[in-house]
Amino acid sequence: MQTDILIFFQSHETPLLDHIAEALTMLGEPGIYILIITLFFWGISKRAGICITFALSVSTFFNSLIKIAIKAPRPFEAMPGLQGKRLETATGYSFPSGHTQGAASFYTSVFLLFKKRVIRIFCTLAIILVGVSRVYLGVHWPKDVLAGWVLGIGLAWFLTGVINKKWDNKAKLQGLMITCLSIVASTVIFMTLIELFQYKGSVKIQDFFKNSGLLLGTFGGFVLEVRIFDFDAAKGSISRKAVRIILGYTGIILIQGGLKLLFPDYFLFHMLRYGIIGFWITFLLPLGGRRIGLFFN
């Protein structure tokens, strides 16, 4: 049945549908997530930014581990004659769909945090359409998408609620973050040893280390920021918020592009690069911005 679904989509491919599917799948990619999350974190609601980031990053962390454990091939790798599209987004294994699970976690969290009907309709459509686009593009099996929906929605529902409940108790919130960071750091050490002494480049592990680096940098920076000054994203004029966002995005682009040129193509350096980006978002920019009057307690 899964192959029948993929063949059905392939038989109805057109250049227009290809462009639409590629545009829809971008709703489940890091660039969109970072754009929206930083808008919240730097200029609207730090609480919303952290809730969404926590749900997304923990979900993608588990997604990466499941992919490595199962090592399922993608449809275009297993089905002769099936041509996958947008293959630059298909860097790891197939099950479960990372785009689908990430989108389900991200947009479910937004759905839960905001009551406006138009936002909730958009989030629902985004979750569905990202998953469908991955099957259309031939980079995931239908079961990958179903698993991504279930895991993504379930984890986001649970994790968003956890952060919301603990937000007003900063000691408990920081304790939760430190526990999470400890688990991730321990897993990273274990996976590094496995890669160095067993996998030795034979397993697709880069996405796991990228996700882990971003999680460690983001929440490590957040714990420090809360302890040092705990800024309020809602404070400040529109012009100051605009400067925060412009400086923040400029920093992300420079870090991503500059370190990609400087660092070798090796999994630990990918983790470091993404860790620095996360640390910039939650700590370095707010710390530097506070000193020049862009962020306020």
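Taking the stretch 8-19 only, how many residues are without any contact (Cβ under 8 Å) to a residue 40 or more places away in the chain and either in a helix (DSSP H, G or I) or small (Gly, Ala, Ser) (or both)?
Number of matching residues: 5.
Going by the conditions given, is Phe222 more than 23 Å from Phe106 (Cα to Cα) and surrounded by 18 or more Cβ atoms within 10 Å (Cβ to Cβ)?
Details: more than 23 Å from Phe106 (Cα to Cα): no; surrounded by 18 or more Cβ atoms within 10 Å (Cβ to Cβ): yes.
Criteria not met by Phe222.
So which residues in the stretch 130-149 are free of Cβ contacts under 8 Å to residues at least 60 places away in the same chain and of a type outside the set (Val, Ile, Thr)? Spell out the reasoning first.
Within the stretch 130-149, the first condition is being free of Cβ contacts under 8 Å to residues at least 60 places away in the same chain, and the residues that meet it are 131, 145-147, 149.
Residues satisfying the conditions are Gly131, Leu146, Ala147, Trp149.
Within the stretch 225-239, can you find the residues that are in contact with a helix residue (DSSP H, G or I) (Cβ under 8 Å, 6 or more places away or on another chain) and open to solvent by 20 Å² or more (accessible area, probe 1.4 Å)? Break it down stepwise before answering.
Taking the stretch 225-239 first, the residues in contact with a helix residue (DSSP H, G or I) (Cβ under 8 Å, 6 or more places away or on another chain) are 225-234, 236.
Arg227, Ile228, Asp230, Asp232, Ala234, Gly236 - these are the residues of the stretch 225-239 that are in contact with a helix residue (DSSP H, G or I) (Cβ under 8 Å, 6 or more places away or on another chain) and open to solvent by 20 Å² or more (accessible area, probe 1.4 Å).
Collect the residues in the stretch 154-176 that are farther than 11 Å from Cys51 by Cα, more than 18 Å from the chain's Cα centre (by Cα) and among the aliphatic types (A, V, I, L, M), keeping them in residue-number order.
Within the stretch 154-176, Ala171, Leu173, Leu176 meet the criteria.
Suppose the filter is part of a helix (DSSP H, G or I), buried (at least 20 other Cβ atoms within 10 Å of the Cβ), modelled with pLDDT of 95 or more and not charged (D, E, K, R); does Gly148 pass it?
yes
Please verify whether the stretch 167-175 includes one or more residues that are touching a Phe, Trp or Tyr at 6+ places or on another chain (Cβ under 7 Å) and of a type outside the set (Asp, Glu). Spell out the reasoning first.
As a first pass, look at the stretch 167-175 and keep what is touching a Phe, Trp or Tyr at 6+ places or on another chain (Cβ under 7 Å): 173.
Adding the requirement that they be of a type outside the set (Asp, Glu) leaves 173.
Checked against the condition, which is being touching a Phe, Trp or Tyr at 6+ places or on another chain (Cβ under 7 Å) and of a type outside the set (Asp, Glu), the stretch 167-175 yields at least one hit.
All but one of (1) touching a Lys or Arg at 6+ places or on another chain (Cβ under 7 Å); (2) farther than 19 Å from Phe219 by Cβ hold for Ala78, so report the exception by its number.
Here Ala78 meets the rest and fails (1).
Looking only at the stretch 259-283, count how many residues are closer than 21 Å to Tyr33 by Cβ and open to solvent by less than 70 Å² (accessible area, probe 1.4 Å).
Of the residues in that region, 14 qualify.
Counting only residues that are open to solvent by 60 Å² or more (accessible area, probe 1.4 Å) and under 28 Å from the mean Cα position of the chain (by Cα), how many does the stretch 1-15 have?
Residues flagged as open to solvent by 60 Å² or more (accessible area, probe 1.4 Å) and under 28 Å from the mean Cα position of the chain (by Cα) within the stretch 1-15 amount to 0.
Kindly provide the set of residues from the stretch 18-31 that are at pLDDT 90 or above and open to solvent by 50 Å² or more (accessible area, probe 1.4 Å), ordered by number.
His19, Ile20, Glu22, Ala23, Met26
Any idea which of (1) open to solvent by 10 Å² or more (accessible area, probe 1.4 Å); (2) in contact (Cβ under 8 Å) with a residue 40 or more places away in the chain is the one Ala156 doesn't satisfy?
For Ala156, the exception is condition (1).
Pick out the one residue from Lys165, Lys210, Lys172 that is in a helix (DSSP H, G or I), closer than 23 Å to Gly248 by Cβ and open to solvent by 30 Å² or more (accessible area, probe 1.4 Å). Quick ask: steps written out before the conclusion?
Details: Lys165 fails: closer than 23 Å to Gly248 by Cβ; Lys172 fails: closer than 23 Å to Gly248 by Cβ.
That would be Lys210, the only listed residue that is in a helix (DSSP H, G or I), closer than 23 Å to Gly248 by Cβ and open to solvent by 30 Å² or more (accessible area, probe 1.4 Å).
Given the conditions (1) open to solvent by 30 Å² or more (accessible area, probe 1.4 Å); (2) within 20 Å of the chain's Cα centre (by Cα); (3) over 20 Å from Arg86 (Cβ atoms); (4) at pLDDT below 95, which single one is not true for Cys180?
(1)
List the pairs whose first member sits in the stretch 240-256 and is at positive phi and open to solvent by less than 30 Å² (accessible area, probe 1.4 Å), whose second member is modelled with pLDDT of 95 or more and in a helix (DSSP H, G or I), and whose Cβ atoms are under 7 Å apart, counting only residues at least 6 apart or on separate chains?
Final answer for the pair search is none.
Determine which single condition Gly92 fails, assuming it passes every other condition in (1) surrounded by 13 or more Cβ atoms within 10 Å (Cβ to Cβ); (2) part of a helix (DSSP H, G or I).
Going through (1) surrounded by 13 or more Cβ atoms within 10 Å (Cβ to Cβ); (2) part of a helix (DSSP H, G or I) one by one, Gly92 breaks only (2).
I need the full set of residues from the stretch 96-129 which are farther than 20 Å from Gly49 by Cβ, surrounded by fewer than 21 Cβ atoms within 10 Å (Cβ to Cβ) and touching a residue at least 12 places away in the same chain (Cβ under 8 Å), in order please.
Thr124, Leu129, listed by residue number.
Residues in the stretch 184-200: is at least one outside any helix (DSSP H, G or I) and open to solvent by 40 Å² or more (accessible area, probe 1.4 Å)?
The answer is yes, given that some residue of the stretch 184-200 is outside any helix (DSSP H, G or I) and open to solvent by 40 Å² or more (accessible area, probe 1.4 Å).
The values are calculated or read from the model by the stated rules, or taken from the named source; none is laboratory data. Given the structure is predicted, the values throughout are model-derived calculations rather than measurements. Please note: Cβ atoms are built from the backbone with ideal geometry, for glycine as well, and neighbour counts cover all protein chains shown. Only protein heavy atoms, including side chains, enter the accessible area calculation; ligands, DNA and RNA are left aside. Shrake-Rupley method; radii C 1.70, N 1.55, O 1.52, S 1.80 Å.
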